[in-house]
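Structure record follows, encoded as structure tokens.
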Amino acid sequence: MRYKSVERMKPIGKHSLLGASGEISDFQEILRYLNELILYDNMWDNGNSLGPKEVHNYLTRVMYNRRNKFNPLWNSLVLGGVKNGNKYLGTVSMIGVNFKDNHVATGFGNHLAQPILRQEWHKNLSFEDGDKLLEKCMCVLLYRDRSAVNKLQIAKITEEGVTINQPYSLKTYWEFSTFENPAQGAIGSW
Amino acid sequence: MEAVKQGSAAIGLRSKTHVVLGCVNKANSELSSHQKKIFKVDDHIGVAIAGLTADGRVLSRYMRNECINYNFTYESPLPVGRLVVQLADKAQVCTQCSWKRPYGVGLLVAGLDESGAHLYYNCPSGNYFEYQAFAIGSRSQAAKTYLERRFENFADSSRDDLVKDALMAIRETLQGETLKSSICTVAVVGVGEPFHILDQETVQQIINAFEIVGEQEGPAAEPDAAAGQEAAAEQGGSTDEGVAPMDI
């Protein structure tokens, strides 16, 4: 884990939040595109503003077009937001696959965290419960990644705006007996 | 701008939730069909033109393109304010290049936004203004006077009242001809109602409804200094005797 304090979540405009995994330099490039987009949107200076749906679709177009030119932006993006009471959560992959769902994940999160989310997510989750649920998922992911750092950052989006909390660390417990000699029951060269 | 003044009339008016466009249909001869003057640009935007219809057609095509492109990239409808600015910039270019001529058409753009219902007027000069109600084209002054008298109520009008007002404004421009659904076109766009042109039967029904009412109350037209040309009595003519004959 080379970079221990890179923030991978950024607010976009008034209504949305973007989180990325993958190549950080490409993420910074995406942020530049989005900054320009939001700037021009604000310059129109009429009652309209770009909401999460619009930003999500814009990003899909960008990612897909880059992939078509065989020059992808190597990121998996998660975009969430609230506008006029409508909640939105979507994801775009580096090849332009995009969809909206109630819970999304990138990379290994799809394999390790989504099952937990599928079981425990329900429509009326409060913020605290959602927080705990996410922490649980991150814990699982942390235990299963040899190069991860236990630093975690949560962000919250409501109608009023975006708040990104300070990063904090997860408590981990490594004294489980199964961790003692993990190769004990293993057969073969692994 | 002269071309706009000589084209047949088009009017538009809006409330907080709906915008209505109306226009007078002109036909070249009795044998030909009417010129199409109201175009649907997108589900939430429509335009009525006055002037050189060919230029209007070209600009409508441009507007439709812009709307579709925006929808493709952002999956949401193009805000009317932006479309109007883009149109205005396009028109302005033609006024500054010596090898081009300005678009000879005035556009009444009606559309729905996040921020409500809008009606804009785009000039060939590249200027654009937002209006509560407006009329362009020949004999539009009569309609404008009518609208000026009534526009304060429009913001809270119901959709049907708005359509009625539009038809009455069109009638003002007709100067004595009877108002029939075959000589006018009306289109509506509103919250929950995509832009569409009302068909002839519906329009004729609305006309019949208020013409009957009109005979009893007398429409609100009073002698007007600016339009004091013909004092023809209209079909739904004034029954007040104290008031001078109705000028249109």
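Mind counting the residues in the range B:71-123 that are hydroxyl-bearing (Ser, Thr, Tyr) and away from chain A (no Cβ under 14 Å)?
Number of matching residues: 4.
Is it the case, given these coordinates, that A:Thr178 is open to solvent by 80 Å² or more (accessible area, probe 1.4 Å) and of a type in the set (S, T, N, Q)?
Considered against the rule, which asks whether it is open to solvent by 80 Å² or more (accessible area, probe 1.4 Å) and of a type in the set (S, T, N, Q), A:Thr178 comes out as yes.
Suppose the filter is out of contact with any strand residue (DSSP E or B) (no Cβ under 7 Å at 6 or more places or on another chain), within 30 Å of A:Glu160 (Cβ to Cβ) and within 14 Å of chain B (Cβ to nearest Cβ); does A:Asn46 pass it?
yes
Could you list, in sequence order, the residues of the range B:166-182 that are of a type in the set (D, E, K, R) and more than 27 Å from B:Glu2 (Cα to Cα)?
Within the range B:166-182, just B:Lys180 meets the criteria.
Would you tally the residues in the range B:120-139 being over 10 Å from the mean Cα position of the chain (by Cα) and open to solvent by 10 Å² or more (accessible area, probe 1.4 Å)?
Residues flagged as over 10 Å from the mean Cα position of the chain (by Cα) and open to solvent by 10 Å² or more (accessible area, probe 1.4 Å) within the range B:120-139 amount to 12.
Looking only at strands (runs of 3 or more DSSP E) that fall completely inside the range A:47-131, which ones have 2 or more residues that are within 30 Å of B:Gly116 (Cβ to Cβ) and of a type outside the set (D, E, K, R)?
By residue number, A:75-83, A:86-92.
Just to check your reading of the model, which residue among B:Tyr128, B:Tyr146 is hydroxyl-bearing (Ser, Thr, Tyr) and at pLDDT 90 or above?
From the options B:Tyr128, B:Tyr146, the qualifying one is B:Tyr128.
Could you check the range B:103-119 and list, in sequence order, the residues that are assigned to a strand (DSSP E or B) and either open to solvent by less than 10 Å² (accessible area, probe 1.4 Å) or under 13 Å from B:Leu59 (Cβ atoms) (or both)?
Once the filter is applied, which keeps residues that are assigned to a strand (DSSP E or B) and either open to solvent by less than 10 Å² (accessible area, probe 1.4 Å) or under 13 Å from B:Leu59 (Cβ atoms) (or both), the range B:103-119 yields B:Val105, B:Gly106, B:Leu107, B:Leu108, B:Val109, B:Ala110, B:Gly111, B:Ala117, B:Leu119.
What number of residues within the range A:62-88 satisfy the criterion of being at the interface with another protein chain (Cβ under 10 Å from one of its Cβ atoms) and open to solvent by less than 60 Å² (accessible area, probe 1.4 Å)?
2
Which of the residues spanning the range A:12-26 are in contact (Cβ under 8 Å) with a residue 24 or more places away in the chain and more than 28 Å from A:Asn84 (Cβ to Cβ)?
Once the filter is applied, which keeps residues that are in contact (Cβ under 8 Å) with a residue 24 or more places away in the chain and more than 28 Å from A:Asn84 (Cβ to Cβ), the range A:12-26 yields A:Ser21, A:Gly22, A:Glu23, A:Asp26.
Please find, among A:Ser25, A:Ser5, A:Ser21, the residue that is more than 14 Å from every other protein chain (Cβ to nearest Cβ), assigned to a helix (DSSP H, G or I) and not charged (D, E, K, R).
A:Ser25
The values are calculated or read from the model by the stated rules, or taken from the named source; none is laboratory data. Keep in mind the model is a prediction, meaning the values are calculated, not measured. Methodologically, a virtual Cβ is constructed for each residue, glycine included, from the backbone with ideal geometry; neighbour enumeration extends over all protein chains shown. Please note that ligands, DNA and RNA were not included when accessible areas were found on the heavy atoms of the full protein model with its side chains. Shrake-Rupley method; radii C 1.70, N 1.55, O 1.52, S 1.80 Å.
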